[in-house]
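Down below is the structure, laid out as structure tokens.
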Amino acid sequence: GAVVSQHPSRVICKSGTSVKIECRSLDFQATTMFWYRQFPKQSLMLMATSNEGSKATYEQGVEKDKFLINHASLTLSTLTVTSAHPEDSSFYICSASAMAGVANNEQFFGPGTRLTVL
Amino acid sequence: RKEVEQDPGPFNVPEGATVAFNCTYSNSASQSFFWYRQDCRKEPKLLMSVYSSGNEDGRFTAQLNRASQYISLLIRDSKLSDSATYLCVVNRGSWGKLQFGAGTQVVVTP
């Protein structure tokens with residue numbers, strides 16, 4: 001199957017700092033990337049959908065100015081958590097899809113980034 | 001009401017036994033259904049898609065009941081390595097957006 005990487009795998013930062021997470025599709029071109037967040041014992045929650053070369057579409061309740069998403073190429077999307085606070089501590093996972101707008105197309109998940117904000 | 005609901009478990013299963021569990025979804029327009037497996041502190045991995053007629057993949061059998069809006073997963077001859085959280089996933093019908101359940105934990109014991 002297709003491989004998606006995320007970097008860093010784990011980050012600990014102080015409150016108020018910004019953290020950038022990278023998501024890369026290593027062996028295919030990802031027209032669409034998705035960013036999820038998962039709190040302990042809870043389901044993955046979709047934060048935003050990112051299409052290469054266009055602005056991300058954010059889910060209701062997700063602040064676009066706090067979670068900046070850039071999808072500048074077909075193999076890279078970044079999520080920047082700006083002015084992170086302890087409540088932003090979570091497991092952030094990206095997924096990538098090779099075909100835009102296809103409901104049944106498989107998504108390939110990255111290994112996730114565990115963010116801890118002190 | 002949550003879009004996708006699952007019994008959180010845990011389901012404690014002796015090695016070699018059979019375990020089955022369901023998931024219900026609220027959006028009748030949902031088109032695609034999946035079971036993912038998530039190990040502790042790892043990303044989810046696709047276990048199998050769920051087709052209308054039901055389908056089997058080795059020891060795993062998935063069923064879809066559109067009328068009652070639920071899907072099921074059955075694991076036969078459970079292995080210790082089957083211990084994980086099983087996520088019920090439903091496509092939200094646009095742009096491939098997926099809705100995840102919170103997961104059912106399965107613990108297979110020797």
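The values are calculated or read from the model by the stated rules, or taken from the named source; none is laboratory data. Only a predicted model underlies this, so the values are computations on that prediction, with no experimental measurement involved. Note that each Cβ is placed from the backbone with ideal geometry, even for glycine, and that neighbours are counted across all protein chains shown.
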| task | Could you pull out the residue among B:22, B:12 that is within 10 Å of the chain's Cα centre (by Cα) and surrounded by 13 or more Cβ atoms within 10 Å (Cβ to Cβ)? | result | B:22
| task | Confirm whether residue B:64 is without any contact (Cβ under 8 Å) to a residue 24 or more places away in the chain, more than 15 Å from residue B:9 (Cα to Cα), aliphatic (A, V, I, L, M) and out of contact with any Pro (no Cβ under 7 Å at 6 or more places or on another chain). | result | no
| task | For residues that are under 17 Å from the mean Cα position of the chain (by Cα) and assigned to a strand (DSSP E or B), tally how many sit in the stretch B:73-110. | result | 19
| query | What tally of residues in the stretch B:36-61 results from selecting those that are in a strand (DSSP E or B) and either farther than 28 Å from residue A:40 by Cβ or within 11 Å of the chain's Cα centre (by Cα) (or both)? | reply | 13
| request: Looking only at the stretch B:8-26, count how many residues are in a loop (DSSP other than H, G, I, E, B), more than 13 Å from residue B:85 (Cα to Cα) and not small (Gly, Ala, Ser). | output: 2
| message | Which of the numbered conditions does residue B:29 fail, given that it passes all the others? Conditions: (1) part of a strand (DSSP E or B); (2) out of contact with any strand residue (DSSP E or B) (no Cβ under 7 Å at 6 or more places or on another chain); (3) not hydroxyl-bearing (Ser, Thr, Tyr). | response | (1)
| request: Among the numbered conditions (1) in a loop (DSSP other than H, G, I, E, B); (2) at pLDDT below 95; (3) crowded, with 16+ Cβ neighbours inside 10 Å; (4) not charged (D, E, K, R), tell me where residue A:100 comes up short. | output: (3)
| Residue in the stretch B:65-94 that is surrounded by the fewest Cβ atoms within 10 Å (Cβ to Cβ), counting only those that are within 14 Å of chain A (Cβ to nearest Cβ) and more than 24 Å from residue B:109 (Cα to Cα) | B:94
| said: So residue A:91 ticks every box in (1) closer than 19 Å to residue B:46 by Cα; (2) under 15 Å from the mean Cα position of the chain (by Cα); (3) surrounded by fewer than 20 Cβ atoms within 10 Å (Cβ to Cβ); (4) more than 10 Å from chain B (Cβ to nearest Cβ) but one. Which box is left unticked? | reply: (4)
| request: Run residue B:30 past the list (1) of a type outside the set (Asp, Glu); (2) more than 11 Å from chain A (Cβ to nearest Cβ); (3) more than 14 Å from the chain's Cα centre (by Cα) and report the number of the one that doesn't hold. | output: (2)
| query | Which of the following residues is within 20 Å of residue A:96 (Cβ to Cβ), touching an Asp or Glu at 6+ places or on another chain (Cβ under 6 Å) and either within 14 Å of chain A (Cβ to nearest Cβ) or at pLDDT 95 or above (or both): B:38, B:99? | reply | B:99
| request: Return the only residue of A:75, A:80, A:32 being surrounded by 16 or more Cβ atoms within 10 Å (Cβ to Cβ) and away from chain B (no Cβ under 14 Å). | output: A:75
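Every residue, every condition in (1) within 14 Å of chain B (Cβ to nearest Cβ); (2) modelled with pLDDT under 90; (3) in contact with a helix residue (DSSP H, G or I) (Cβ under 9 Å, 6 or more places away or on another chain), yes or no:
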{"site": "A:13", "(1), (2), (3)": "no, no, no"}
{"site": "A:19", "(1), (2), (3)": "no, no, yes"}
{"site": "A:45", "(1), (2), (3)": "yes, no, no"}
{"site": "A:52", "(1), (2), (3)": "yes, yes, no"}
{"site": "A:58", "(1), (2), (3)": "yes, no, no"}
{"site": "A:62", "(1), (2), (3)": "yes, no, no"}
